[in-house]
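> Please see the structure below; I have some questions.
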Amino acid sequence: MSSSPSPAAAAARLDLDGNPIAPLTICMIGAGGFIGSHLCEKLMAETNHVVYAVDVYCDKIRHLVDPAPPHLQGRISFHRLNIKNDSRLEGLIKMADLTINLAAICTPADYNTRPLDTIYSNFIDALPVVKYCSENNKRLIHFSTCEVYGKTIGSFLPTDHPLRKEAEFYVLKEDESPCIFGPIVKQRWSYACAKQLIERLIFAEGAENGLEFTIVRPFNWIGPRMDFIPGVDGPSEGVPRVLACFSNNLLRREPLKLVDGGQSQRTFVYIKDAIEAVHLMIENPARANGQIFNVGNPNNEVTVRQLAEMMTEVYANVSGEPPLDEPMIDVSSKQFYGEGYDDSDKRIPDMTIINKQLGWNPKTPLKDLLETTLTYQHKTYKEAIKRQMSQASASS
């Protein structure tokens, strides 16, 4: 069945250099996750591209694929497969013009407790994807992580050293900043190390075999559908990343747990801003090939403690519920994550390369993206959590 383009895509579309954009067939691995679901929506709404959505779950894209709405027939198809051991993967990559690999274990609590799974998922399981793209002359956009930078140079200086405030000691540049990890006994770095090694392999494939690649280093992409809420759409014992973790606490009216005082500094970028950057990479290969891109928002920098304070205030406005008398408590990283945890001090992206190559800049302030995300979390999860908590109290 032929598909009809969306109205927005019907007019001739041009890339950044003024060339017409030809429709692409995209094999998107990990399409059912947070980033994949938003990217699928963007591509369906604004382009004529065809997407093979590859994942083991489709809950977050069910509205697009189960079944596909009439206007998307022939534009998107779901392929339920595990890239670890499915021979169909190479065939899908061969049929596509571009492969986007989003598949990963990327939850900090897992790096400590499941280091083997973390290494296999982020390095070993990604190897066939790189191999098939290289052997079949297919373009690859690979999602890495800002964690490949590890610790900043400034973190090794005394706390009160004036150089810690100099940008060259903490701003992270794709082509200059070293990747500094903790000791082997700190298994928290299993993720970053695996991600760095697959980056090096992709870069080597480009240098030796001509693989056309783009590497994306996300800096805390935030928005609706991110991560999971334990016991509702994820394991009860699961520990999601920081924003979803705090959301879970707020929904349950529990104090937010600040690991080691919440002094680590992070930046946060709105998912829709970030997806716009990926859209530009997809449609501007001449500008994106061979590049590593930081994708974040350096203007949205806060400590984890400041993030907790902002989320508490925003959620009170969203929900109409007053904050707890003691909205936050301090816990040690050993208590929260277990033995072997370590952390990076600051993650502030340099945006020079992506701005120069793609003209991209993030737009959404932190408070606005928190309001959007927490409104979604409240509407989506509050009643389910109420039911879960009342059942738990009835059975106790």
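The values are calculated or read from the model by the stated rules, or taken from the named source; none is laboratory data. Note that the coordinates shown come from a computational prediction; the quantities given were computed from them, not determined experimentally. Note: ideal-geometry Cβ built from the backbone for every residue, glycine included; neighbour counts use all protein chains shown. Heads up: the accessible areas ignore ligands, DNA and RNA and are worked out on the full protein's heavy atoms, side chains in. Shrake-Rupley method; radii C 1.70, N 1.55, O 1.52, S 1.80 Å.
> Report the residue count in the range 345-393 for those that are assigned to a helix (DSSP H, G or I) and charged (D, E, K, R).
Total meeting the criteria: 9.
> For the range 311-327, which positions are within 17 Å of Gly261 (Cβ to Cβ) and open to solvent by 50 Å² or more (accessible area, probe 1.4 Å)?
Result: Glu326, single match.
> Which condition from (1) assigned to a helix (DSSP H, G or I); (2) of a type outside the set (Gly, Ala, Ser); (3) over 30 Å from Tyr337 (Cα atoms) is the one that Ile26 breaks?
The single condition Ile26 does not satisfy is (1).
> May I pose another question? Of the numbered conditions (1) open to solvent by less than 50 Å² (accessible area, probe 1.4 Å); (2) within 24 Å of Thr145 (Cα to Cα), Gln306 fails exactly one; give the number of that condition.
Just one mismatch for Gln306, condition (1).
> Please state which one of Lys334, Lys386, Lys346 is of a type in the set (Lys, Arg), on the phi < 0 side of the Ramachandran plot and crowded, with 16+ Cβ neighbours inside 10 Å.
Going through Lys334, Lys386, Lys346 in turn, the sole match is Lys346.
> Residue under question is Asp97, and the condition is that it be at pLDDT 95 or above, crowded, with 22+ Cβ neighbours inside 10 Å and charged (D, E, K, R); does it hold?
Against the criterion (at pLDDT 95 or above, crowded, with 22+ Cβ neighbours inside 10 Å and charged (D, E, K, R)), Asp97 does not qualify.
> Now, a different point. Can you tell me which residues in the range 178-209 are touching a Ser or Thr at 6+ places or on another chain (Cβ under 8 Å) and either at positive phi or surrounded by fewer than 19 Cβ atoms within 10 Å (Cβ to Cβ) (or both)?
Result: Ile180, Asn209.
> Just checking, which of Lys151, Lys84 is open to solvent by 30 Å² or more (accessible area, probe 1.4 Å), closer than 23 Å to Ile354 by Cα, of a type outside the set (A, V, I, L, M, F, W, C) and under 21 Å from the mean Cα position of the chain (by Cα)?
Lys151
> Does Glu168 satisfy being among the charged types (D, E, K, R), farther than 30 Å from Lys356 by Cβ and open to solvent by 70 Å² or more (accessible area, probe 1.4 Å)?
no
> Same structure, new question: Which members of the range 157-213 meet the condition of being in a loop (DSSP other than H, G, I, E, B) and either farther than 27 Å from Asn112 by Cβ or of a type in the set (Asp, Glu) (or both)?
Correct list: Pro158, Asp160, His161, Glu166, Lys173, Glu174, Asp175, Glu176, Gly210, Leu211, Glu212.
> Anything in the range 37-73 that is closer than 22 Å to Lys94 by Cα, open to solvent by 50 Å² or more (accessible area, probe 1.4 Å) and not β-branched (Val, Ile, Thr)? List them, or say none.
Within the range 37-73, Asn48, Gln73 qualify.
> Now a separate question. Give the residues of the range 288-298 that are open to solvent by 10 Å² or more (accessible area, probe 1.4 Å), in contact with a helix residue (DSSP H, G or I) (Cβ under 8 Å, 6 or more places away or on another chain) and within 13 Å of Arg139 (Cβ to Cβ), sorted by residue number.
If we filter the range 288-298 for residues that are open to solvent by 10 Å² or more (accessible area, probe 1.4 Å), which is where we start, we get 289-292, 298.
Those left that are additionally in contact with a helix residue (DSSP H, G or I) (Cβ under 8 Å, 6 or more places away or on another chain): 290-292.
Once the filter is applied, which keeps residues that are open to solvent by 10 Å² or more (accessible area, probe 1.4 Å), in contact with a helix residue (DSSP H, G or I) (Cβ under 8 Å, 6 or more places away or on another chain) and within 13 Å of Arg139 (Cβ to Cβ), the range 288-298 yields Gly290, Gln291.
> Take Ala277 and tell me if it is more than 29 Å from Ser155 (Cα to Cα) and either surrounded by 19 or more Cβ atoms within 10 Å (Cβ to Cβ) or in contact with a strand residue (DSSP E or B) (Cβ under 9 Å, 6 or more places away or on another chain) (or both). If you could, list the steps in order and put the result at the bottom.
Numbers: more than 29 Å from Ser155 (Cα to Cα): yes; either surrounded by 19 or more Cβ atoms within 10 Å (Cβ to Cβ) or in contact with a strand residue (DSSP E or B) (Cβ under 9 Å, 6 or more places away or on another chain) (or both): yes.
Yes.
> Suppose we filter Thr113, Thr145 for residues that are among the polar types (S, T, N, Q), more than 27 Å from Ile275 (Cα to Cα) and in contact (Cβ under 8 Å) with a residue 24 or more places away in the chain; which single one remains?
Thr113
> I'd like the full set of residues that are closer than 22 Å to Arg139 by Cα and either open to solvent by less than 10 Å² (accessible area, probe 1.4 Å) or free of Cβ contacts under 8 Å to residues at least 24 places away in the same chain (or both), limited to the range 214-235.
Thr214, Ile215, Val216, listed by residue number.
> Separate question: Residues that are among the polar types (S, T, N, Q): find the helices (runs of 4 or more DSSP H) completely inside the range 45-156 holding 1 or more of those. Please lay out each step first, then the result.
Working: elements: 62-65, 88-95, 108-113, 115-119, 127-135.
Answer list for the range 45-156: 108-113, 115-119, 127-135.
> Only one residue in Gly33, Gly18, Gly91 is within 27 Å of Glu212 (Cβ to Cβ) and modelled with pLDDT under 95. Which one?
Step by step, each of Gly33, Gly18, Gly91 is checked, and only Gly33 is within 27 Å of Glu212 (Cβ to Cβ) and modelled with pLDDT under 95.
> Kindly list, by first and then second residue, each pair from a residue in the range 299-318 that is assigned to a helix (DSSP H, G or I) to a residue that is among the hydroxyl-bearing types (Ser, Thr, Tyr) and buried (at least 16 other Cβ atoms within 10 Å of the Cβ), limited to pairs with Cβ atoms under 6 Å and residues at least 6 apart or on different chains.
That search, which allows pairs on different chains as well, returns Val304/Ser264; Val318/Thr375.
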